[in-house]
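The values are calculated or read from the model by the stated rules, or taken from the named source; none is laboratory data. Everything numeric here is computed off the predicted structure, so don't read it as measured data. We place every Cβ from the backbone using ideal geometry, glycine too, and count neighbours over all the protein chains shown.
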Amino acid sequence: MKKQFKNYFVLSYAIIAMFTACKKNENAGIERPVKTELTGKLATISADSVTFTFPPLHIVGSTVAAADIEVLTDGGSSVIERGIVWGTAPNPSITNNKVSHGNAGLGKFRLMLKGLTPKTTYYARAYASNGSGVSYSSNVTFKTIAKGNITYTFNKSNTPTAEELAAYGRLQVAIDSAVWYLENYTSATKHLYLNYDSGVPTADANNEGWMRFGSNSSYQNLRTMLHESDHSLGTGTSSWWSNHIVSGKLEAPSVTSLLRIILNDSTAKLNGDSQHWWPYGLNQNSEVSSSWDYVYNCLILEAMRKDGLTEFSGAYNP
């Protein structure tokens, strides 16, 4: 541990050397000085003055994850830095992997953990720094999923028109972005066949991976690409899907559990019909308010895989 406090010398009846020391508690708390005679050692004690809310992580992919944290109290000294630390062993500290939030003080915040290893158990702790030292929350464990493997063939004209070239450019960005989300937030395996067909009114896909996009440029985007990719992976195109839609709701326990966390609604269930699902099914451009909608779409798809949607998306191996 990095030494943070100066040594003190106290005169009593006789001159006795006294050094700053601490007793370390790695589970939680704040580092502050205490006195101990004739030891010269540095340790830490837990003052428990900064408190946190740090629930289990529900946004967990193969190489990325996100944590929702709230700093509740500062112990009387303003929080000047807050964030999260993580590692593969319990009780990570700011000397391990760390990411800080842009704002200080109390309140809620979300942070991304990047560069994770697939199928690996991690330990994470929220932290906060103030004038007295560094406080940590208790450990929160999570395990990353297997990394998805999404490949594609982009079928193009040998003599494209200007309109086709423009569409190819938009679709290239969309397919590459969709592959990133699917590989990092699901463990699905699939080969997709991307086609531009001006005769298609919007876009469509089948469970063999064949996807067609028409000339309407408002559909040549990431939202539609993920939506059609979902169809190719079995949503609305498999017997599992038709067997699990009951009275307009998807009966899938992992999906229901995840959706209730995302929406903070203990009664929520995913809506569905013979082809589509909502929320987060990305059925219309208007459904997208931020990039988190793409993340939630993929997380729900992975939860479907956990519940058995694997015929057209590859085996589920957590």
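The residue of region 148-181 that is surrounded by the most Cβ atoms within 10 Å (Cβ to Cβ), among those that are among the aromatic types (F, W, Y) and closer than 20 Å to E208 by Cβ, is Y152.
Consider region 182-237 and keep the residues that are of a type in the set (S, T, Y) and assigned to a helix (DSSP H, G or I). The one that is surrounded by the fewest Cβ atoms within 10 Å (Cβ to Cβ) is S218. Filtered by the rule that a residue be basic (K, R) and either farther than 14 Å from V60 by Cβ or free of Cβ contacts under 8 Å to residues at least 24 places away in the same chain (or both), region 103-130 gives K108, R125. Residues in region 62-86 that are of a type in the set (S, T, N, Q) and assigned to a loop (DSSP other than H, G, I, E, B) were compared, and the one that is farthest from A128 (Cα to Cα) is S62.
Looking at E228, is it more than 20 Å from V295 (Cβ to Cβ) and among the acidic types (D, E)? It is false that E228 is more than 20 Å from V295 (Cβ to Cβ) and among the acidic types (D, E).
Taking only region 69-126 into account, find how many residues are within 15 Å of the chain's Cα centre (by Cα), crowded, with 17+ Cβ neighbours inside 10 Å and more than 18 Å from P55 (Cβ to Cβ). Selection size over region 69-126: 1. If you filter region 156-181 down to residues that are in a helix (DSSP H, G or I) and of a type in the set (D, E, K, R), you find that the one that is farthest from the chain's Cα centre (by Cα) is E163. If you go through region 267-284 and keep only what is under 14 Å from G236 (Cα atoms) and either outside the structural domain of G236 (by TED's automatic domain parsing) or buried (at least 22 other Cβ atoms within 10 Å of the Cβ) (or both), you end up with L270, G272, W277, G281, L282.
On inspection, L301 passes the criterion of being in contact with a Ser or Thr (Cβ under 8 Å, 6 or more places away or on another chain), among the aliphatic types (A, V, I, L, M) and not in a loop (DSSP other than H, G, I, E, B).
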